[in-house]
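Below is one structure; the comments refer to it alone.
The values are calculated or read from the model by the stated rules, or taken from the named source; none is laboratory data. Source: prediction; values computed, not measured. When we count neighbours, we look across all protein chains shown, and the Cβ atoms used for this are built from the backbone with ideal geometry, even at glycine. Remember, those area values only see protein heavy atoms, side chains included, never the ligands or the DNA or RNA. Shrake-Rupley method; radii C 1.70, N 1.55, O 1.52, S 1.80 Å.
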Amino acid sequence: MLLTILKSKIHRAIVTDANVDYEGSITIDEELMEKAGMLPYEKVLIANLRNGERFETYTIKGKRGSKTICLNGATAHLGKAGDPVIIFSFVHLTEEEAKVFKPTIIRMDKHNNVI
């Protein structure tokens, strides 16, 4: 049996842009993705703390050091620049693996700097 466990979290990132004309996904600064242990095209769950929306999409690598958190495509309708969000990724582990696994959690300030 496999359990779905939190793998990583970017806590309280601020949306920098929303682009409805893009194919879809969320663009995240490459540096932030690396610090959180997230990979390009990885499925993520996003919780918008301003409006309560929760939605799934996948990650796209943004320009390193840009602090970009951009909602693309249909997800652009679920948030706007300035909204604080939490970005979660998950992993499937056995019960034994889950007992010793520790997720990576990075916390952000209002300028998308890791604190």
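Please report the net charge: other residues with Cβ closer than 10 Å to the Cβ of SER89, K and R +1, D and E -1. Charge balance near SER89 sits at +2. Computed on the chain, with alpha-carbon pairs under 8 angstrom and 6+ residues apart, the relative contact order is 46 percent.
What shape does the chain take by its C-alpha gyration tensor, where a ≥ b ≥ c are the square roots of the eigenvalues and a/c under 1.5 counts as rounded, a/b above b/c as prolate, and the rest as oblate? Since a/c reaches 1.5 and a/b is larger than b/c, the shape of the chain is classed as prolate. The overall shape of region 65-115 is oblate: from the C-alpha gyration tensor, with semi-axes ordered a ≥ b ≥ c, the ratio a/c is 1.5 or greater and a/b is no larger than b/c.
The alpha carbon gyration tensor of region 21-63 gives principal lengths a ≥ b ≥ c with a/c of 1.5 or higher and a/b greater than b/c, which makes the shape prolate. DSSP bridge analysis restricted to the chain gives an antiparallel fraction near 70%, rounded to the nearest 5. Between region 46-115 and region 1-24, the C-alpha centres lie 3 angstrom from each other.
Simple rule: put +1 on each Lys or Arg Cβ and -1 on each Asp or Glu Cβ in the chain, find the dipole, and look at TYR41, ILE28, HIS92; the Cα lying farthest toward the positive end is ILE28. Estimated at the nearest 10 Å², the accessible area of VAL91 is 40 Å² with a 1.4 Å probe.
First compute the accessible area of the chain with a 1.4 Å probe, then give the percent of it belonging to carbon and sulfur atoms.
53 percent
For the pairs LYS67/LYS99; LYS61/LYS99; LYS9/LYS61, flag any whose C-alpha to C-alpha distance is greater than 25 Å. Where the Cα-Cα span goes over 25 Å, the pairs concerned are LYS67/LYS99; LYS61/LYS99.
Report the net charge of residues surrounding PRO103, where surrounding means a beta-carbon distance below 12 angstrom and charges are Lys +1, Arg +1, Asp -1, Glu -1.
Charge balance in the 12 Å sphere: +3.
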